[in-house]
1. What are the residues in segment B:110-130 that are assigned to a helix (DSSP H, G or I), under 12 Å from B:Trp190 (Cα atoms) and either touching a residue at least 40 places away in the same chain (Cβ under 8 Å) or within 28 Å of the chain's Cα centre (by Cα) (or both), if any?
2. Being at positive phi, surrounded by fewer than 16 Cβ atoms within 10 Å (Cβ to Cβ) and not hydrophobic (A, V, I, L, M, F, W, C) is true for just one of B:Asp38, B:Asp112. Which residue is that?
3. Which numbered condition trips up A:Ala18, out of (1) modelled with pLDDT under 90; (2) small (Gly, Ala, Ser); (3) assigned to a helix (DSSP H, G or I)?
4. Looking at segment A:17-34, which of its residues are of a type outside the set (Gly, Ala, Ser) and within 14 Å of chain B (Cβ to nearest Cβ)?
5. Select from segment B:29-48 the residues that are in a helix (DSSP H, G or I) and more than 13 Å from every other protein chain (Cβ to nearest Cβ) and write down the one among them that is nearest to A:Ala33 (Cα to Cα).
6. Do we find that B:Tyr151 is at pLDDT below 85, assigned to a helix (DSSP H, G or I), surrounded by 14 or more Cβ atoms within 10 Å (Cβ to Cβ) and not assigned by TED's automatic domain parsing to the domain that holds B:Met70 in this structure?
7. Could you run through segment A:56-67 and say how many residues are assigned to a loop (DSSP other than H, G, I, E, B) and aliphatic (A, V, I, L, M)?
8. Just to be sure I understand, how many residues within segment B:18-28 are crowded, with 20+ Cβ neighbours inside 10 Å and either more than 7 Å from chain A (Cβ to nearest Cβ) or out of contact with any helix residue (DSSP H, G or I) (no Cβ under 9 Å at 6 or more places or on another chain) (or both)?
Amino acid sequence: MSIAADLIRGHTDVIILAPLIHHDSYGYEINKAIQTKTHHEYELKEATLYTAFKRLEESGCINSYWGDENKGARRKYYSITHYGRETYIRLLEEWKNTKQMIDILLDLKEEQHHERKD
Amino acid sequence: MKERIRRYIESVFDQAPKTKQAMELKEEILQNILDKYDDLIAEGVSEEVAYNNAIASIGNVDELFDTLQMQMDEFYQYPAYELDKRRQRSAAIIALAVMMYIVSFIPVILFDDSPIAICMMFLIIALATGMIIYDQKTKIRHPKLDMMQEYEAWQEKHDDTKKLRRAITSCMWLIITAFYFWISFTTGSWHITWITFLIGSAIEEMIKALFDLVRRRDL
């Protein structure tokens, strides 16, 4: 499957917000969920992931806190804010509209139909 | 192999600004990479391949470090004259407060230890202290310095010996204060007993020096 990585990159923020809607999570878990969902076709680089975390935190979409695991690893968890939920809904709506529009623009059938009529 | 991953992440973060945020980020990314490595090993991948895959998933950190740098640089966006004005105001407040500390003894000297004079002294001291606190709280904070301090404070928190030192010094100050009131009320020599606090400061410095000495020997 060939994918346009650039196209996906533009939606990193909403891709990260989506799993946080259900429960708080940490970087690796989010990235792993992305891999599993896409059957290993896509994964975020650490740098991309954390640049997005910083951006989302600064804009008030998410909060972070250190978890207190008893054994060894200390993980930073992210939780979505009310504003984050609103942003997610808005971005999802935008994506649906854009997708629909691109589908229409790239679909040749209708135009051929028009040409025949002329 | 995990040590190799740790070393690699350390070397990547050599380029990052030395702030608490960067240190936390390093810990976060290191943990993720280790998780990924463990998962790959569990899938039956060889150590070498797992290492390379895990490291490759870091990607380009330049943009990330730029964001950290930008947070540090924000301070310099304040116009210079604004900073100057604030600095002058702060200097005036501190000078006035110090003057009030010195002047606070005058009523006691003039009215010879009457309760009203002592009350006035404490009132002046309280006012001066209030002014210093106000000045500290309204300061434009220097993020670069701040972050360094924050980072040091954060490191300190993870340092058990410093925790012990803080416990000892705060305990000492309580005892010193209790001692000050006890000796002052029993002897009535308020004009000299404040020296207890100077002795307290000296003891605190001594404790600090002692801890430093022990730590240096450990290193």
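The values are calculated or read from the model by the stated rules, or taken from the named source; none is laboratory data. As the structure is a prediction and not an experimental result, all values here were calculated from the model. With ideal geometry, Cβ positions are generated from the backbone for all residues, glycine too; neighbour counts draw on all protein chains shown.
1. Correct list: B:Ile118 only.
2. Working: B:Asp38 fails: at positive phi.
Answer to the check: B:Asp112.
3. The failed condition is (1).
4. Narrowing segment A:17-34 to residues of a type outside the set (Gly, Ala, Ser): A:17, A:19-24, A:26, A:28-32, A:34.
Correct list: A:Tyr26, A:Tyr28, A:Glu29, A:Ile30, A:Asn31, A:Lys32, A:Ile34.
5. Initial filter on segment B:29-48 (in a helix (DSSP H, G or I)): B:29-42, B:47-48.
Filter again for more than 13 Å from every other protein chain (Cβ to nearest Cβ), leaving B:41, B:47-48.
Values: B:Ile41: 18, B:Glu47: 23, B:Glu48: 24 Å.
Taking the candidates together, the pick is B:Ile41.
6. yes
7. Of all residues in segment A:56-67, those assigned to a loop (DSSP other than H, G, I, E, B) come to A:59-61, A:67.
Going one step further and asking which of them are aliphatic (A, V, I, L, M), we end up with none.
Here the count works out to 0.
8. Let us first name the residues in segment B:18-28 that are crowded, with 20+ Cβ neighbours inside 10 Å, namely B:19, B:22, B:25, B:28.
Now restrict to residues that are either more than 7 Å from chain A (Cβ to nearest Cβ) or out of contact with any helix residue (DSSP H, G or I) (no Cβ under 9 Å at 6 or more places or on another chain) (or both): B:19, B:22.
Number of matching residues: 2.
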